[in-house]
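Please treat every number below as a calculation from the coordinates, not as lab data. Being a predicted model, the structure only gives us computed values, none of them experimental. Reconstructed Cβ throughout: ideal geometry from the backbone, glycine too, with neighbour counts over all protein chains shown.
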Amino acid sequence: EEAEDEHDEL
Amino acid sequence: MNIFRLAGDMTHLLSIIVLLLKIQATKSCAGVSLKTQELYAVVFVTRYLDLFYSFISLYNTVMKIIFLLTAFTIIWYMRKHKVVCQTYDKEQDTFRVLFLIVPCFVLALLVNHEMSVTEVLWTFSIYLEAVAILPQLVLLQRTKNVDNLTGNYIFMLGSYRALYLVNWVYRYFTELGYRQWIVWVSGTVQTCVYLDFFYYYVQAWRNNERMKLPG
């Protein structure tokens, strides 16, 4: 989930 | 998404619009570093590869496409537009971008979350964005006088980064177990790169003068 969080930001 | 993150994204978008309007309205890109603009294009292309395989939100997708399109539009103006390209200070914009690209890539290979092509490229884009403004700052230092729009463009880019920092602090306190070290460290470095510029920008603004950098 961490990676997904990070990729949410532009 | 919190208000700081949204404000950060909007400031980022506004900075790009200001730069595009400056180029379109004055038909000049004097004082703008093509190297920095090309680095941003590399940053966006390597970071937004996930457009092809993951969907986060409509907002996320639309913003990514806007950032990509505007980056290439600016480059097109500076390289191909008959009038604009003649105003580009090629002789002054000589920063060796490989000195940024190669170390960032090596670092991305060494420090990442996952050894996959997309994850390494994403990490590379985070590192590269932190230093992509350097050719622009060096160009500014060389040409000394900073026109208002270029100054505002850089100020807004720096503000966008500062807002992202606030967004991370907010997320840290509101989201359980939220941490992202790679992004935090790079983002802090990236914001620090602007500190010197901020100082002279605010000074000029307070004295109601045109911005000048020391030699």
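Assorted remarks:
- The range B:130-170, residues that are in contact with a strand residue (DSSP E or B) (Cβ under 9 Å, 6 or more places away or on another chain) and not basic (K, R): B:N145, B:V146
- Test: residue in the range B:156-167 that is without any contact (Cβ under 8 Å) to a residue 12 or more places away in the chain, over 27 Å from B:P214 (Cα atoms), β-branched (V, I, T) and surrounded by fewer than 23 Cβ atoms within 10 Å (Cβ to Cβ): no
- Helices (runs of 4 or more DSSP H) fully within the range B:132-215 counting 1 or more residues that are within 14 Å of chain A (Cβ to nearest Cβ): B:148-174, B:181-193
- Checking each residue in the range B:50-64 for being within 11 Å of chain A (Cβ to nearest Cβ), assigned to a helix (DSSP H, G or I) and closer than 18 Å to B:S125 by Cα picks out B:D50, B:L51, B:N60, B:T61, B:M63, B:K64.
- Restricting attention to the range B:91-131 and to residues that are of a type in the set (V, I, T) and closer than 14 Å to B:Y40 by Cβ, the residue that is nearest to the other protein chains (Cβ to nearest Cβ) turns out to be B:I126.
- Across the range B:7-49, the number of residues qualifying as under 13 Å from the mean Cα position of the chain (by Cα), of a type in the set (G, A, S) and more than 14 Å from chain A (Cβ to nearest Cβ) comes to 2.
- Of the listed requirements (1) loosely packed, with under 15 Cβ neighbours inside 10 Å; (2) free of Cβ contacts under 8 Å to residues at least 24 places away in the same chain; (3) under 30 Å from B:V102 (Cβ atoms); (4) among the hydrophobic types (A, V, I, L, M, F, W, C), B:V189 misses just one: (2).
- Search result, residues across the range B:54-72 that are touching a residue at least 40 places away in the same chain (Cβ under 8 Å) and more than 15 Å from the chain's Cα centre (by Cα): B:Y59
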